[in-house]
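The structure under discussion appears below in the form of structure tokens.
A short reminder: the numbers here are calculations on the coordinates, not readings from a lab. Everything quoted here is computed from the prediction, not taken from an experiment. Here the Cβ positions follow ideal geometry from the backbone for every residue, glycine too, while neighbour counts run over all protein chains shown.
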Amino acid sequence: MKKAGKALSVLLSVIMLLTVLAACSSGNNGSNGTATNAPKETEGATNEGSGAATGIDTSKAVELQFYMLGDAPKDIAVIQDEINKMTKEDLNATVKFNFTSWTDWDQKYKLLLGSGQQVDLIFTAEWTQYQSYAKKGAFQPLDELLPKAAPTLNEFVPADMWEAVKIDGKIFTVPATYKEYVTNGFVWREDLRKKYNLPEPTDIESFEAYMAGIKANEPDMVPLSMNSDVKGNLMDVFRSINAKPIGPVPYGIGINYDTPNDVTSYWGSDEHKQDLTTMKRWQDSGYMVKNVLAVKDTLQDQITSGKAAAILGDNPTRYNDTKIKMQSTHPDWELGYYPFPKTTGLATPVHPIHNGFAIPASSKNAERALAFYEKMVTDKRYNLLTQYGIEGKNYEVQDGYYTMLGDANSNGFPREGMQGWAWRNPEFMLFDKNYDGVKAIFDELDAIQVPDKFTGFAEDYTAYQAERAALEQVEKQYLFPLNAGLVKDVDAGLNTFMEKAKQAGLDKIHEEYKKQWLQYVQEQGIK
């Protein structure tokens, strides 16, 4: 009896073990049955139609809050419904796609990350201050989550890109893997330039001459497309063609690409005064609308609608998207482009930090969020749907090229309609025929490219957080009107701004920022 009992006990143990193994192999623990060491070039394809990510608990249904910058496409509800049919089955989750709009997006972004509101995935870039937010603990580290919740994504992104986005030795965002240039370039109505025999914009002087020609010949059209973001869309862009800055450095600090150890104050300098005088001349000449600080339209929409004739600066890919939308409603209009690097000699390929997605500290669904983002990047069904919409409704593929169905007004989901730059997958990307011209621009820039040595810098503003907040308000109240050319006396206006900025703590900010910057340059061996 004892022997029989022992034998029965062993037999039951074996049966239980086999039952557990069978459950694991059938996917009850969330496994998709896909080998995590699959060859990189086939990962995207082999992941198509797979189940939940390996190693995470999907037993409880959740709704993921996904935040994207910019404006939502008209068909976003349809796309969201289609995505949720898959996420419910694959991850026992649904997703709510939220958008900030382009109106005061920076304030909304700050609120999302600072209020404790439930946010599961949010766009990141150096221009949204990813480095500083990561350093301040706004995002959850992904190092341990990636192998467990998104093993395919972990392998898909090259190791050097994971390394490039680290802040203080940890990964806080998933970088895009598509190589491109997001350097600025002049954009203008080429058909009007030809019609009135105007100069091709290649520098500020020729761009200004083009605007003067538009003003003289098209009095009902605004020469320059501009909106309330007169810092990012006007002054930062103007500086990038009129000088050789390392990028849009905050607080009016000047750092030249060729001399990174020389940190100066651009605000209040003779150069700053000269630039503001140019803005006033543009405003007085009617190149910008008087109520520019109240304009909320995107720069691109003003071009496609025919309200404006030029954008001071935009990147090659977005220029191409603007061209597609414009020609869908006005096939007789033409759009011209001239990249700034051909004038400045400074072309830097996009840094991995430039487009990414992070999981905020407020998220209670980090594993599921990362598993979903893996789907967005590596599962072809999710990727095509969220990048291009529904085939046959929003687009079609002809001879290997993407074609938008309808026009910019009737199409509810244009190419990359969700601003999905961060989850581009080069294996799945669809390009329109015009994009051949963008690739030609990239080839030109490849010939003069220089490394992006500075985007990895992570500012820590803990020591001057109060001064930083005060300075931000001073900038909006006193500098923005100067940027827009709306202050009659530039000298007096600049003096007032500098006085208020110093009262807010500008000198303290500059001193601390400079100390951090020089330490970074020294540690990186940058000269």
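Things worth noting here:
- Close amide H contacts of Ser362 (hydrogens built in the peptide plane, cut-off under 5 Å, sequence separation of 5 or more or a different chain): Val119.
- Rounded to the nearest Hz, the phi-derived 3J(HN,Hα) couplings of the stretch 65-71 under the Karplus curve 6.51 cos²θ - 1.76 cosθ + 1.60 (θ = phi - 60°) are 9, 10, 10, 10, 6, x, 9, where x marks glycine and proline.
- Derived scalar couplings ³J(HN,Hα) [the stretch 429-444; Karplus, 6.51 cos²θ - 1.76 cosθ + 1.60; whole Hz; x for Gly, Pro]: 4, 10, 10, 7, 5, 4, 5, 4, x, 5, 4, 5, 4, 4, 4, 4
- For the pair Ala216 and Asn98, the difference between a 0.36 nm per residue extended length and the Cα-Cα distance amounts to 38.2 nm.
- Near Lys488: Cβ cut-off under 10 Å, other residues only, Lys/Arg at +1 and Asp/Glu at -1. The net charge is -1.
- Between Phe99 and Met68, the built amide H atoms are under 5 Å apart, and every one of these is 5 or more places off in sequence or on another chain.
- The calculated FRET efficiency for the pair Asp191 and Glu271, based on their C-beta separation and a Förster distance of 45 Å, comes to about 0.80.
- Per-peptide packing, taken as the mean over residues of other Cβ atoms within 10 Å, places 363-369, 408-414 in the sequence 363-369, 408-414 from highest down.
- For the cross-link pairs Lys231/Lys296; Lys108/Lys179; Lys280/Lys323; Lys244/Lys488, the ones whose C-alpha atoms lie over 18 Å apart are Lys108/Lys179; Lys280/Lys323; Lys244/Lys488.
- Per residue of the chain, the DSSP helices (runs of n ≥ 4 H) give a summed -39500 (n - 2.57) that works out to -13000 deg cm²/dmol at 222 nm.
- Full-stretch length increase - Thr264, His330 - with 0.36 nm per residue and alpha-carbon distance subtracted: 19.1 nm
- Stretch gain in nm, segment Thr403-Ala361, where the contour uses 0.36 nm per residue and the Cα spacing is subtracted: 11.2 nm
- Principal-axis tilt of helix 490-504 within the chain, Cα atoms, nearest 10 degrees: 40
- The spread of Cα positions in the stretch 450-495, taken along each principal axis and listed from longest to shortest, comes to 40, 34, 14 Å.
- Dimensionless Rg ratio for the stretch 438-527, taking C-alpha atoms and the 2.2 N^0.38 Å reference: 1.51
- Whole-Hz Karplus values for the stretch 77-89 come out as 5, 5, 5, 4, 4, 5, 4, 5, 4, 7, 5, 5, 6 Hz, taken residue by residue from phi with 6.51 cos²θ - 1.76 cosθ + 1.60 and θ = phi - 60°; glycine and proline positions read x.
- In terms of Cα atoms, the Rg and Dmax of the chain work out to 25.9, 108 Å.
- In nm, spacing of pseudo-spin labels at Glu63 and Asp284 (7 Å Cα→C-beta vector): 5.6
- Placed amide H near Ser265: partners under 5 Å, 5+ positions off or other chain: Gly254
- Computed over the chain: relative contact order in percent, which uses C-alpha pairs under 8 Å that are six or more apart: 21
- Label point of Val450 set 7 angstrom out along Cα-Cβ; within the stretch 248-280, amide nitrogens under 11 Å from it belong to 256-260.
- Base-10 log of normalised Debye intensity for the stretch 215-320 (one unit scatterer per alpha-carbon) at q = 0.13, 0.15, 0.17, 0.24 Å⁻¹: -0.54, -0.70, -0.86, -1.36
- Calculated SAXS-style log₁₀ I(q)/I(0) at q = 0.19, 0.33 Å⁻¹ - the stretch 60-101, Debye, Cα scatterers: -0.56, -1.11
- Burial ranking of peptide ranges 436-447, 116-127 (average Cβ count within 10 Å, highest at the top): 116-127, 436-447
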